[in-house]
1. Out of (1) at pLDDT 95 or above; (2) open to solvent by 70 Å² or more (accessible area, probe 1.4 Å), the odd one out for Gln282 is which?
2. How about the range 86-157: which helices (runs of 4 or more DSSP H) wholly inside it have at least 3 residues that are among the hydroxyl-bearing types (Ser, Thr, Tyr)?
3. Residue check: is Cys245 in contact (Cβ under 8 Å) with a residue 60 or more places away in the chain and either surrounded by fewer than 18 Cβ atoms within 10 Å (Cβ to Cβ) or hydrophobic (A, V, I, L, M, F, W, C) (or both)?
4. Mind listing just one residue for me: the one in the range 203-219 that is at pLDDT 95 or above and under 26 Å from Ser238 (Cβ atoms) and, of those, surrounded by the most Cβ atoms within 10 Å (Cβ to Cβ)?
5. Can you tell me which residue is modelled with the lowest pLDDT among those in the range 1-47 that are among the aliphatic types (A, V, I, L, M) and open to solvent by 80 Å² or more (accessible area, probe 1.4 Å)?
6. Please go through the range 142-189 and pick out each residue that is basic (Lys, Arg) and more than 20 Å from Arg216 (Cα to Cα).
7. Taking Ser63 as meeting all but one of (1) in contact with a Pro (Cβ under 9 Å, 6 or more places away or on another chain); (2) surrounded by fewer than 19 Cβ atoms within 10 Å (Cβ to Cβ); (3) not charged (D, E, K, R), write down the number of the exception.
8. Would it be correct to say that Thr141 is out of contact with any helix residue (DSSP H, G or I) (no Cβ under 7 Å at 6 or more places or on another chain) and modelled with pLDDT of 95 or more?
Amino acid sequence: MYSDSRAPVGTLEYIRRNRGVNACKRRFQEIIGKQKEAAPRLLNDEGLRFATLFSLKPQIEESGLKDGLSEKNRAALQICDKVLEEKKALPGGGISYTDENVHAAFLWIFQTGAENDGLSDDYDEILDLSASVLTRRYRETSILPGLAALIFRRNRKKGYLHDLIWAFFQSHDPNALRYLAPYLRSANARDRELAHLLLHLPDIGADSRRWETQYRKFMKWLQDNSPYLYFTGESLQSSNQPEICGLDREAKYLCKQISPRKRTPVDPLTSQEKESLSCFAQAEESEQTVLSDYSKALHASNPESWNRWIHLPVEEQLRLAKNGTGRRLV
């Protein structure tokens, strides 16, 4: 992540951040007029961020400076053109996604550009689509903390969220939920409202002590259940109260990790496991919850006892689970 906020005095990055976009444009125009050969070097400076390149894009193109740019910067400008040409769609023809420079450009756009969200509608469009490409095509989980922060910052400003939220969950990573959970205990009411919506949790009122309790319970639940979580396909586009992530009780009952993207076992089921699931399916939904919760706890505390318990008839499993005696099986 590009987290250093400092920039050497006199650079284009410094001027934009400290004196504003218009001052940066004026200075760049002076450089083009007096020392055009130096302009590409200034644009290729490692400290330059996407907001500065984007702001100077019209002058770069008008002055014919593209050929002197680094491969990453050229790719970034190409991405800008394609996104703005194909509004609200993942950029298509002309973008070589297998090119490492393109991947690096998408990453650079988002990581250095997110802090300037709101620069313009076009700028935000590029940020949103870049996030979508990174999570959907490149499965780039490194952006998830920054993407979560951007979602909540924009929410406070009552900005457009759907594309960013869609991009976030396209990661299909259950651990991504931990970046949303801290907002359950935020002092900002809009943060809590959005966190409740995305995590499919009830609003628990204005008592900050309850916020902390809810946060801790959720984090414990996530730790216990993350191997058995899957993404449902629901979104804010399809529901006002989407359950974006679900718990597969069958997987938890077998203590068998699943693919959160496909909801299929990471390792194929054995014939014995299939038979166990067939019996499990005959239990009531509330009973399945008891069985799966107990199975997970027993497997963690006493694998040998769990191996004996899982082969018992479901009625006996349920009796032992309700009595809490399964841990003493030998």
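The values are calculated or read from the model by the stated rules, or taken from the named source; none is laboratory data. It should be emphasised that the depicted structure is a prediction, and the values quoted were computed from it without experimental measurement. All Cβ positions, glycine included, derive from the backbone under ideal geometry; neighbour counts span all protein chains shown. For accessibility, only protein heavy atoms count, side chains too; no ligands or nucleic acids. Shrake-Rupley method; radii C 1.70, N 1.55, O 1.52, S 1.80 Å.
1. Failing condition for Gln282: (1).
2. 121-136
3. So Cys245 fits the description; yes.
4. Selected residue: Gln214.
5. If we take residues in the range 1-47 being among the aliphatic types (A, V, I, L, M) and open to solvent by 80 Å² or more (accessible area, probe 1.4 Å), then Met1 is modelled with the lowest pLDDT.
6. Listed by number, the residues that qualify are Arg153, Arg154, Arg156, Lys157, Lys158.
7. (1)
8. Yes: the conditions hold for Thr141.
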